[in-house]
Amino acid sequence: SAKPDPILVVDHLTKSFGGLRAVRVDHLEVQRGTITALIGPNGAGKSTFFNQVSGFDRPDSGGWTFEGHPLAGKPAYQIARMGMVRTFQLTKALMRLTALENLMLGATGQSGERFLPAIVRSWRSQEKDVQRRAEELLDRFNLTRMRDEFAGSMSGGQRKLLEMARALMVHPTMIMLDEPMSGVNPALTQSLLGHIQALRDDGMTIILVEHDMDVVMGISDWVVCFAEGEVIAEGRPRDIQSTQAVIDAYLGS
Ligand code: ADP
Ligand code: MG
């Protein structure tokens, strides 16, 4: 097996909401160039973990490094510019932007709420390289014909593609996908999976929260199972399937 080369290292990360300990990760590493799947029952803390690590929320304690750089205390847009981005669902405000505008806003690494469409429009004339990147990504994800359509008028599956494309605007080295296939029809699911594998084959590191075990087994290089905020098991897909703690976590929920 390959020599370990962790791109992300997390230590003693905790986050509580009121009395509820949502995340308590003692140690977790994500190896460069892999697809790592996070699995676990609803409420296990997977999304909360994503929010802390990507800088969208602050943990109560703990540290983590990306490419060796400590990230605690850094805001999401800075972390994104360092090369680690998470996708998030398009908000109401973003639905009123076109596909192209959404991608150009993605280039800032911002979640978008603080920006107005007018700002984006003024960029359109200035930021030719950003626009070129956006158009390349629209092409890559077969969204070119949606370029000037509002995100709100796109299908659920097209929005998922747009969310992924948006995250890629900052040229990330690692991308965090929280249930990228949810609500997507089976045909587009295959296409999304193909895109995710192509990104990995291009050398990108991917962390993916996914419920469908067939998808997880088919696509991931490494699987990490969360339950009640903690990592209860991790391993290669074919090994993790038969791990008793994983079976218990799913059957017990
Ligand atoms: P998962 O993504 O694995 O389904 P979450 O990370 O969304 O789990 O949630 C973990 C736990 O934290 C759940 O019990 C959830 O209700 C709680 N939780 C998540 N976000 C918040 C929040 N903003 N305020 C209060 N509780 C939250
Ligand atoms: Mg979740």
* Asked: Which of the residues that make up the stretch 134-150 are within 19 Å of the chain's Cα centre (by Cα) and closer than 17 Å to LEU105 by Cα?
  -> ALA134, LEU137, LEU138
* Asked: What number goes with the only condition from (1) within 15 Å of ligand 2 (Cβ to nearest atom); (2) out of contact with any Pro (no Cβ under 6 Å at 6 or more places or on another chain); (3) not aliphatic (A, V, I, L, M) that LYS15 does not pass?
  -> (2)
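Matching residues to (1) out of contact with any His (no Cβ under 6 Å at 6 or more places or on another chain); (2) touching a residue at least 60 places away in the same chain (Cβ under 8 Å); (3) more than 16 Å from ligand 1 (Cβ to nearest atom):
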site: LEU177; (1), (2), (3): yes, yes, no
site: SER182; (1), (2), (3): yes, no, no
site: ASN185; (1), (2), (3): yes, no, yes
site: HIS195; (1), (2), (3): yes, no, yes
site: LEU199; (1), (2), (3): yes, no, yes
site: THR205; (1), (2), (3): yes, yes, yes
site: GLU210; (1), (2), (3): yes, yes, no
* Structure fact -> Taking the stretch 18-64 and keeping residues over 27 Å from ILE219 (Cα atoms) and polar (S, T, N, Q) leaves SER61
* Asked: Since THR65 meets every condition but one in (1) in contact (Cβ under 8 Å) with a residue 40 or more places away in the chain; (2) over 24 Å from GLU179 (Cα atoms), which condition does it not meet?
  -> (2)
* Asked: Looking only at the stretch 28-59, which residues are away from ligand 2 (no atom under 16 Å from the Cβ) and closer than 15 Å to ILE232 by Cβ?
  -> LEU28
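Read the figures in this text as sums done on the coordinates, not as results from a lab. The model shown is predicted, which means the values in this text are computed figures rather than measured ones. Here the Cβ is made from the backbone with ideal geometry for all residues, glycine too, and neighbour counts use every protein chain on show.
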